[in-house]
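Working notes, structure below.
The values are calculated or read from the model by the stated rules, or taken from the named source; none is laboratory data. Nothing here was measured: the structure is a model prediction, and the numbers come from that model. Glycine also receives a Cβ, built like all others from the backbone with ideal geometry; neighbour counts cover every protein chain displayed. Surface accessibility is based on the protein's heavy atoms, side chains included, excluding ligands, DNA and RNA. Shrake-Rupley method; radii C 1.70, N 1.55, O 1.52, S 1.80 Å.
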Amino acid sequence: QVQLVESGGGLVQAGGSLRLSCAASGRTFSSYAMGWFRQAPGKERDFVAAISWSGGITLYADSVKGRFTISRDNAKNTVYLQMNSLKPEDTAVYYCAASQGVATIPGGMDYWGKGTLVTVSS
C-alpha cells in the first residue's frame with residue numbers, strides 16, 4: 001500500500017507559477033511511475049503529466065505541454081509538478097497518483113492522494 005499526500009496548491013494570478021509536491025510513503029517509491037491528474041467542478045478527472053520510476057520518461061497532456069514540468073526525487077520520496085504560465089482553465093483539484101507502469105488514464109493508477117486545490121484568477 002502507498003500513501004500519497006499533495007501540497008502546494010493555492011490561489012495564483014493568471015500567468016503566475018506554482019509548484020505542487022506529492023510525498024509518498026508505504027512502499028518503495030522509486031519502483032512506481034507517478035502521475036498528476038486534475039478535476040475541475042463538474043468535469044472528468046483528466047491526465048496532466050506522468051513520469052517513469054527512473055524519471056527518464058515524462059508525458060504531458062497537450063493542454064499543459066510547455067508550461068508544466070513533472071519531476072521526482074526518489075531520495076525524498078517526492079514527485080513535483082512545476083506549473084508556469086498558469087491560466088484560469090488550469091483551476092482544478094490536482095491529484096497525485098502512483099502506478100506500476102506509466103499511465104495516462106485514471107483507471108491505470110493504483111493509488112491516489114486526496115488532492116490539492118489550485119485556483120487561477122483572471
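Calculated on the alpha-carbon coordinates, the convex hull of segment 28-71 measures out at 76 cubic angstrom per residue. Over the chain, Cα pairs under 8 Å with separation of 6+ residues give a relative contact order of 36 percent. The residues of the chain have, on average, 50 Å² of accessible surface per residue, using a 1.4 Å probe with all protein chains present.
Along each principal axis, taking the top coordinate minus the bottom one, the Cα set of the chain gives 40, 27, 23 Å in descending order.
Counting only lysines at least 8 places from residue 76 when in the same chain, those with an alpha carbon closer than 29 Å to its own are 65, 114.
Applying the criteria of a DSSP loop state and at most 16 other Cβ atoms within 10 Å to the trypsin sites (Lys or Arg not before Pro) of segment 55-122 yields 65, 67, 114.
Going by a ≥ b ≥ c, the root eigenvalues of the Cα gyration tensor, does segment 1-58 fall in the rounded group (a/c under 1.5), the prolate group (a/b larger than b/c) or the oblate group? Judged from the Cα gyration tensor, segment 1-58 comes out prolate (a/c at least 1.5, a/b above b/c).
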